[in-house]
Structures are given as structure tokens and as C-alpha cells.
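These notes concern the structure reproduced below.
The values are calculated or read from the model by the stated rules, or taken from the named source; none is laboratory data. Keep in mind that this is a model prediction, so the values were computed, not measured. So basically every Cβ, Gly included, is an ideal-geometry build from the backbone, and we count neighbours across all protein chains shown. These accessible areas exclude ligands, DNA and RNA; they are computed on the full protein's heavy atoms, side chains included. Shrake-Rupley method; radii C 1.70, N 1.55, O 1.52, S 1.80 Å.
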Amino acid sequence: MLGILVLAPILVGVIAYVLSERLAKPLLFIFQLAFAAFAFSQFMAVKANGPIVWSTGGYEDGIALSLYADSLSIFMVLMTAAFYIAFLVYAVNEDYFKSKFYFLFMTLQGLMMGLFLSSDLFNIFVFLEVSTVVVAILIMINKEKQAIYDGMIYFFVNVIGSSFLLFGTGMLYRTFGLLDMRAISESMQHLDSAKAMILPYGMLMVTVSLKTAVTPLFSWLPKAHGTPSAPPVVSAVLSGLYIKSGVYLFIRFNEMFSPVIDMQTFFFWVGFITSVVGFMMALGQHDIKLILAYHTVSQIGLIMVGLNMASEIAFWGAVYHIFNHAIFKSTLFLTAGLIYHEYGTRDVYEIRGLFKRMPWVAAATALAILGITGAPFFNGSISKYMIAHGTYDYNVTIMLNIINLGTTMSFVKYATMLFGENTKGKRVKSDVFAVGASLVMGIASFFTGIFGEAMTLFLLNYEVHVNMDEYIQKGMVYVLMIVAGIGFYHGIIKHGGLITRIGHLELTFNGIITAMTGYFVVVVLFLNFIL
């Protein structure tokens, strides 16, 4: 049954491609609703009965090509299937919503399902390679010069990055004669020396680190997610969902190597540096899509911090932040597309008066901003609360507050669009479906915060109790950060200078490839030091 989750979206994409537009659109919506319902049924089955394994050809588990659904992977599947409903609603009346887009967009959904469910390393490599091609075409779909350049950079960088996974998989197969991650993990317990795993681990970590866009391997992400002519829904699915496949694989690969390798300290610092660099780069941007793209880097850094704090509550807080980030960042990219359509510019300093001119879009944007900054009662506050409770170390608490302050400063700047007067651009009528989808996603940022305790228990099987006294204290800290963010905006950020120059630093293609090589060397040297 798990194979349906991978194959069905691709097959429906092919069918929609050959059908007329009049028939294809209803098919896509009917399918996606049914598909989400099926994903939910599988989620409930895993919740009730434990992991599900689907092996091809009737071969023994561990030998066969298999799909594996546990509480984490089926959560990712359900999240993707549900969000795709909103994305399809948003795009239904857009000019690009035609046969080629149907096929690519639905194929990408099936490939993401494959990445979340596959237990076979070679299958994961294939899914990554094919999804890289699909994403590159989606970035270039409008055939604009800058988009083609950005899409090709994305394509070549990620193909080279995936080759590390292929070589690492080959080394693991030579050692164990296995490709199944669970079987390899069991076999690692019998190794005489952990040093034999240094090179394959380093290679696999280069691939997932590139896919998650951690420092210094993130320069491709703003090009891909912030491409000016890429459809807003493409940016939303890349930043909200697709990049999470890299985070998911990071979790799975480290689980596989856990009998012999523990790199939590290393990746904790990688996550922190990534988060700081991400918001520093975002502060120097004028383009609203680039601000959002660099904040994807920053928020992924925060997730990496939570995953590597050696704390159960921080780990599940980071996983819940994957879900929350998908909600508010998708909302922000979707509304950014509507704002650009209305104002004719993406310059954050030229857009004003959003509440007066586009009140529903402004409301969705405001709700998402409150979510990403961790405002009380919003979803970001719950996941950040859980991550913060993963440590009693004062220094780590300070580091988390630095990340939160950077996020707040950036979105104080972003929120200036909501207020004031602006007559720039010719007024156009926004599509009601696009506005509605954005608003529903924005509202979800609020309800997944209000019901955060229930959501973590239902979605993640993890019970968290929010201490109201501590939550109120964090709310007071949030207010102080808003005040500080406003002060920094008017005192420093608004005037540009050094912040703007930092924001325009980026690696060339050769620089990215060199960074990949250097990153691999650093990981290998660190492993040699600790093992």
C-alpha cells in the first residue's frame, strides 16, 4: 500500500498532462483530496499498529527494495499531502497552471514521498537525482533569463552533491553487502573499528548538508527559492516542503550510523552558525523573496540546533518546527507572490500600506510573521519553547535568543510593508482562490500554536506540557525583542551600509564546489579526532 503514496501522484500527473485543462483541474483536486485522506489513513494505521514495511517481490525485509513508514516518515508524508491541497488551490487560476506544470508539480510530490518512505540508499539516490531535475525545470518554467541561470546553478550543484551520496553508498555496500538503512545500522554494531565508517559518513553528510543548505553550502538556496520569475507556489513548496527532505535524511542517516558515530556537537555548531549567517544575510536584502529565502536558511539552522541538543524535547521541538516552518514560510512565499502582482516590485522599502490596499493578504502575512517570530499563542512559540527546554545551559539559551532576535529584526523590517501609504503599481484584482489559500495557511499558524500540545501528541506521539508561568515569561521576552528589533531597524538596518554589503556576499559555482570539498575534509578530520 505504501507504494501508492509514491506512484499515484506521478501517474495522476501524467494523466493530467494528456487531458484537456477542463478535465485536468477537477482531476487534480479530486485526487489530492483523496490522496490526503489515504495518507491520513496510513498515518492512523502507523499510529495504531506501529511501523509499516512494504517490500518488493516478496523478498526478505533488509534485502528487498522496501518502503518503511514509522511515526516520523508518515508524519512527513501526511504534511506534504495536506499542504499540496492548499498549493493547488492557490495556483488554480494562475497562467502557469497548465499541462507541463501539472506533471512536474505532481511528480515532485511523488518523489518527496519516495524520499520520506524509502529505506534503500540507492533508491534515495535515484529519488534525489530525479527530483533535482524536476525542481530545476520548475524554477525555469517561465523561461526567464535569470531563472534559467538560477535553475542551472541549482541543477549542477545538487547533481554534484548527490554524487557524494552515491560514492558513500558504494562504500557501505562494499563493506556490508546491504543497501537497506535499517539492516546496515544493525550490521554496524558488529564492526571492529568505527574508523571504517568515516569516509562513507562524511560523503553522506555532504549530500544532506547541501540539501539542507547549512553553512557554508547554502549559496544555491536563495537562487532557487528566490528566483524572481519562479511561480510563488514553486518557491512555497521548495521552502516549505522539499528542503525538509534534506533534514529528514539527515535524521535517518545519523540514526543509521548511531551505533558507531555521534556528531551531535559538530552539527549543533553548524546549525547555530547557519542560523546566524542566514538572518545576517536576510537583513541585507531588499527583495522580499530573498529575505524569505535566506530566512529558510536561518530556520533550518534552528532546526539543526534542536535536533543536535541531545535532548528528547528539543528533538521533537525541532521536528514540530519542521511542520510549523512549512506553514508560515509557505504562507509568506504565497503572499509575496500576490504582493508582487499588486505592487509590481519586490523591494521591501517600496511596498507600503498593505493593510489598506490588500487587507486579506496583509492579514495572512501578519499571521505568518507572528508565527515565524514566535509570538505567544502562535505555532513558532511552541516549537521554540520545546527547543529551549532542551537545555539548562545558560550559554545555549543565549545562543537561542540571538537566533530569535535575528529573526525578529528581519521580520520587523518585513512587516513595514503592512503599514503606511503607497500608490505604487496599478491596482489589480487578486485571485480569490490564491488569497483564500494564503489566508487559511496563515490562520493555521495560529491554531497550531493554540492547540500546540494536542498537535504534538497527535502528530508526533510526543507529550509536552507548557508551563504557563514560563510561557508568559517568554512572551515578555518576545515583546522586548520586538522593541529591540524596531530599534535596530530604525538605527542600523534601515540605513543599509555594512548590512547591505554583507547581504550581497555569495559564493560562485566554483566557490560552492570548493566549499563542498572543504566541508567533506572538515567532517572527516573531526571524525578522526573524536574516534
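Applying the criterion of being in a helix (DSSP H, G or I) and polar (S, T, N, Q) to the residues of region 53-84, the residue that is nearest to Phe323 (Cα to Cα) is Thr80. Residues in region 41-52 that are touching a residue at least 40 places away in the same chain (Cβ under 8 Å) and either more than 22 Å from Ile322 (Cβ to Cβ) or of a type outside the set (D, E, K, R) (or both): Gln42, Ile52. Any residue that is modelled with pLDDT of 95 or more, over 30 Å from Pro228 (Cβ atoms) and open to solvent by less than 10 Å² (accessible area, probe 1.4 Å) - is there at least one of those in region 267-278? For region 267-278, residues modelled with pLDDT of 95 or more, over 30 Å from Pro228 (Cβ atoms) and open to solvent by less than 10 Å² (accessible area, probe 1.4 Å): present. In region 461-503, the qualifying residues are those that are open to solvent by 100 Å² or more (accessible area, probe 1.4 Å) and part of a loop (DSSP other than H, G, I, E, B), and the one that is farthest from Lys384 (Cα to Cα) is Glu463. Looking across region 183-207, just one residue is charged (D, E, K, R) and either part of a loop (DSSP other than H, G, I, E, B) or in contact with an Asp or Glu (Cβ under 6 Å, 6 or more places away or on another chain) (or both), and that is Asp192. Within region 451-459, can one find any residue that is in a helix (DSSP H, G or I), over 25 Å from Phe40 (Cα atoms) and not β-branched (Val, Ile, Thr)? So far as region 451-459 goes, no, none of its residues is in a helix (DSSP H, G or I), over 25 Å from Phe40 (Cα atoms) and not β-branched (Val, Ile, Thr). The listed residues are Val260, Val297, Val305, and the only one of them that is open to solvent by 20 Å² or more (accessible area, probe 1.4 Å) and either in contact with a Gly (Cβ under 6 Å, 6 or more places away or on another chain) or modelled with pLDDT under 95 (or both) turns out to be Val260. Please determine, by comparing only the residues of region 280-294 that are crowded, with 24+ Cβ neighbours inside 10 Å and over 18 Å from Phe328 (Cα atoms), which one is farthest from the chain's Cα centre (by Cα). Here the answer is Gln285. Counted as qualifying within region 366-450 are the helices (runs of 4 or more DSSP H) with 3 or more residues that are surrounded by fewer than 19 Cβ atoms within 10 Å (Cβ to Cβ), namely 394-415, 432-450. Could you go through region 100-110 and let me know if any residue there is modelled with pLDDT under 95 and not in a helix (DSSP H, G or I). The answer is no, given that none of the residues of region 100-110 is modelled with pLDDT under 95 and not in a helix (DSSP H, G or I).
Among the residues of region 208-231, those that are in a helix (DSSP H, G or I), over 15 Å from Leu307 (Cβ atoms) and of a type outside the set (A, V, I, L, M, F, W, C) comprise Pro222, Lys223, His225.
When Val159, Val134, Val130, Val234 are checked against the criterion of being touching an Asp or Glu at 6+ places or on another chain (Cβ under 9 Å) and either not aromatic (Phe, Trp, Tyr) or not in a helix (DSSP H, G or I) (or both), a single residue qualifies: Val159.
Of all residues in region 18-27, one or more are more than 26 Å from Leu128 (Cα to Cα) and buried (at least 17 other Cβ atoms within 10 Å of the Cβ).
Applying the selection to region 85-96, what residues are out of contact with any Phe, Trp or Tyr (no Cβ under 9 Å at 6 or more places or on another chain) and outside any helix (DSSP H, G or I)? Result: Asp95, Tyr96. The residues listed here are Ile251, Ile243, Ile273; of these, the one that is under 17 Å from Ile303 (Cα atoms), of a type in the set (Val, Ile, Thr), in contact with a His (Cβ under 9 Å, 6 or more places away or on another chain) and in a helix (DSSP H, G or I) is Ile243. Once region 504-531 is narrowed to residues that are farther than 20 Å from Thr212 by Cα and modelled with pLDDT under 85, the residue that is surrounded by the fewest Cβ atoms within 10 Å (Cβ to Cβ) is His504. If you go through region 182-202 and keep only what is of a type outside the set (D, E, K, R), open to solvent by 30 Å² or more (accessible area, probe 1.4 Å) and touching a helix residue (DSSP H, G or I) at 6+ places or on another chain (Cβ under 9 Å), you end up with Ser187, Leu191, Ala196, Leu199.
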